[in-house]
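Some notes on the structure that comes next.
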Amino acid sequence: MYQGACIAAVVPAYKEEKMIALVIDTMPDFVDHIVIVDDCSPDDTSGVVERLHNDRVTLIRHEINQGVGGAIITGHKAAMELGSDVNVIMAGDAQMSPDHLPALLDRVTRDGYGFAKANRFFAPESFEGMPNYRVFGNIVLSFMTKLASGYWNLFDPQNGYTAIRTEVLRRLPLERISRRYSFENDLLIHLNILQVGAVDVPIPAVYADEVSSIRLSKVVPELLNLLGRGFWRRIWYRYVLWSFSPIALLLVLGMVLFGVGILVSIWIAFQVAGSVVATAATVMLAALPLMIGTQLLVSALQLDIQASPSQPTLAPFKE
């Protein structure tokens, strides 16, 4: 128990026979349940877990690889059946230090947030030791996820070190959330639709000698597709279907006017290329929609940032 809450650690594991024992052995005593999900590992990950004979451990093995998101979803479901109040995600490669677990748990058990997430980039020196291309990629992906999810107060979206209340999990359509490497991004979109208060927790990263199995040629298109569809799904549910908001109107009108301005600008460029002199009125025909469209889009963005669910809304647990 931790501050009156039953804690379950969900550990997705794939080819982690070398590190999984360390993850289990270093799990803090206040963690009541450790749910290991072996995502059809070709090595002896499950065997290592079984030989530890730890009473807190529940081992689940997928017969078909479902991806890290699928393993996490399976773990969440099992943890809820065990009676957990809060689920935390701990990586099977020991890259998430248990020393920082209380900082995450405090935000959901004591401060009333429904979801807390680690943020590795809380200071300029946090980027030290990370290749420049990964720094750039994380910054771009973080901005795109902010735009799609509506959580403008969060950064480092691919960081899977998280804590979430089970009362929030029960409201989520877990079967509809992406089961691959885009799980964290898709989860944020679903959480925002439900207006769950979320917060970043500064936690330094721990990097082991692990070789990533991520294929960027496959993951990047998947992420772009998911974020694009997720953005419009969030706008539809939050600002149209459930409560009509001027954000939706400003966004649609802004995009239409901006698109008209772009098309007219292209037409004028072809005219000028054909030795036709563009008059002031013709130029304004392109400039006016562009300016008004840009202003409407900026206004929609500002209102969306203000509507970000960044405040706690849940009661703290009682010890």
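Please give, to one decimal in nm, the separation of the simple spin-label points placed at ASN132 and ASP29, each 7 Å out from Cα toward the Cβ.
4.9
Which one, SER41, SER178, SER265, has the greatest fluctuation when you compute a Gaussian network model over the chain with C-alpha springs under 10 angstrom?
With Cα springs under 10 Å in the chain, the top fluctuation among SER41, SER178, SER265 is at SER265.
Report the residue, chosen from LEU154, LEU241, LEU187, that carries the largest GNM mean-square fluctuation when the chain is represented by alpha-carbon nodes joined by springs under 10 Å.
It is LEU241.
Please list 3J(HN,Hα) in residue order for the range 243-259, calculated via the Karplus relation 6.51 cos²θ - 1.76 cosθ + 1.60 where θ = phi - 60°; whole Hz, with x for glycine and proline.
7, 4, 10, x, 4, 4, 5, 5, 5, 5, 5, x, 5, 5, 5, 5, x
Between GLU175, GLU167, GLU16, where does the largest GNM mean-square fluctuation fall for the chain, given springs only between Cα atoms within less than 10 Å?
Fluctuation is largest for GLU175.
Find the Cα radius of gyration of the range 228-319, compare it with 2.2 N^0.38 Å by division, and give the number to two decimals. Please report the intermediate quantities before stating the final value.
Details: Rg = 19.9 Å, N = 92, 2.2 N^0.38 = 12.3 Å.
Normalised Cα radius of gyration, the range 228-319: 1.63.
Rounded to the nearest 5, what % of DSSP beta bridges with both residues in the chain are antiparallel?
Working: 7 of 27 bridges.
Counting DSSP beta bridges with both partners in the chain, the antiparallel share is about 25 percent.
Among PHE121, PHE136, what's the order by accessible area (1.4 angstrom probe), most exposed first?
Numbers: PHE121 20, PHE136 140 Å².
The most accessible residue leads, giving PHE136, PHE121.
When the expected Rg is taken as 2.2 N^0.38 Å, what fraction or multiple of it is the alpha-carbon Rg of the chain?
Compactness ratio reported: 1.18.
With all protein chains present, how much of the accessible area of the chain (probe radius 1.4 Å) comes from carbon and sulfur, to the nearest whole percent? Can you show the working numbers first?
On the way: 9780 of 15830 Å².
It is 62 percent, rounded to a whole number.
With a ≥ b ≥ c the root eigenvalues of the C-alpha gyration tensor of the range 1-137, is it rounded (a/c under 1.5), prolate (a/b larger than b/c) or oblate?
oblate
The values are calculated or read from the model by the stated rules, or taken from the named source; none is laboratory data. These numbers were taken from a predicted model, which means no experiment stands behind them. Virtual Cβ from ideal backbone geometry, glycine too; neighbours counted across all protein chains shown. These accessible areas exclude ligands, DNA and RNA; they are computed on the full protein's heavy atoms, side chains included. Shrake-Rupley method; radii C 1.70, N 1.55, O 1.52, S 1.80 Å.
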